[in-house]
Structure formats: structure tokens, C-alpha cells
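Read the structure below first, then the notes.
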Amino acid sequence: MFKIQEIREIIKLVDSSSIDEFVYEVDGAKVKLKKNGVVTETVAPKKEVVAPVVEQSAPTAAPVAPAKAEEAPAAASTSNDSSLHKIVSPMVGTFYQSPNPDTPAYVKVGDKVGNETIVCIVEAMKLFNEIEAEVQGEIVEVLVKDGELVEYGQPLFLVKAE
């Protein structure tokens, strides 16, 4: 099932792009988005959620190209070892390694993580979203500095999966 912040991020990305229709399906859950006043729906096995599309009159083509250009160098520098798993940002926001400045980081290089281990927080629109490892293994590298802005899909950590 999709998390609400994932659905919101998908809606923002589709809304700010030039595409008119978008369909994404994972493990039986399906998100289908259409622009121009048509209904946006999320369908999961045995459940259905319907939400209206938010339309904006601002130009939409400009934000798409810079995001891809910024992601390319990061992907090229971290793809040297294909055996490493990348934990990526599920949204645009500010990366934080700890819940507040006075506490230690959730994880550091050498730490073992499980599927549900919280590795960081990404703040988006005053909401603090805990990011889980979603893989079992050892943190090999932290790719982002604390307080740095991150893009959707940007690699945050490299994990040597077990």
C-alpha cells in the first residue's frame, strides 16, 4: 500500500510536469493520475481512494529538466559498485540525520540496519517524514550532508545488503 506522502509527491510531480496521464502499480496497489479536471484515484487490493486533481496555472515544463540534470552526477558517482543498495529520498525536502541537533544521527557508516530501521528524516512542507532502510545490511556511505536539500529519487545512503 502507498504512504500518503508518496501519493502527495506523485501528485506534485505529475502536476508540475507536462504529462497528462500517469499510472504506477506495485504489489497490487495502483495509482492513476489524469490532469485537466479528471479524477485522481489510488486503488489497492480491496480498497479504493479517490481524490481531486489540484490544478495550477503556473508554467509546468521548467522544473523537470533541472532535476534530471542534478541527479545524473550523483547517480554516476555512486553507481561504481552495483552490489550496493541505494536508499533514495521518496520526496523533495531537507535531509536530517537526527531527530534534533542535540541527539546523535540515526545511523552512521558501519551501522547494521534492518528493513524498518529509520535512517533519517526528510522535511517537506513542515512535515518530518521518517525514512526507513527497506533493506537489511550495513551502511557503507552517507551521501548527503545534514541540512542539505534533496530531490525526489536522490540517493541518500549506500547499504551493503545481506
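Which entries of Lys12/Lys34; Lys3/Lys108; Lys30/Lys126 have Cα-Cα distances beyond 18 Å here? Pairs exceeding the cut-off: Lys3/Lys108; Lys30/Lys126. The 3J(HN,Hα) values that the Karplus relation (6.51, -1.76, 1.60; θ = phi - 60°) gives for segment 143-149 are, in residue order, 8, 10, 8, 4, x, 7, 6 Hz. Gly and Pro appear as x. The accessible-area ordering, largest first, of the residues Glu123, Glu134 stands as Glu134, Glu123, per a 1.4 angstrom probe.
With θ taken as phi - 60° and the Karplus curve 6.51 cos²θ - 1.76 cosθ + 1.60 applied, the whole-hertz 3J(HN,Hα) list for segment 120-125 is 5, 10, 10, 8, 9, 6 Hz, x standing for glycine and proline.
Hey, how many Å between the Cα centroid of segment 126-158 and the Cα centroid of segment 108-122? Measuring centre to centre over Cα atoms gives 9 Å. Summarising the label geometry, the points placed 7 Å from Cα in the beta-carbon direction at Ser17 and Asp102 lie 4.3 nm from one another.
In this structure the amide hydrogen of Ser89, modeled in the peptide plane, comes within under 5 Å of the amide hydrogens of Gly153, Gln154, Leu156, none closer than 5 places in sequence on its chain.
The values are calculated or read from the model by the stated rules, or taken from the named source; none is laboratory data. Computed from a predicted model, the values in this text were never measured in an experiment. Here the Cβ is made from the backbone with ideal geometry for all residues, glycine too, and neighbour counts use every protein chain on show. All accessible areas refer to the heavy atoms of the entire protein, side chains included, with ligands and DNA or RNA removed. Shrake-Rupley method; radii C 1.70, N 1.55, O 1.52, S 1.80 Å.
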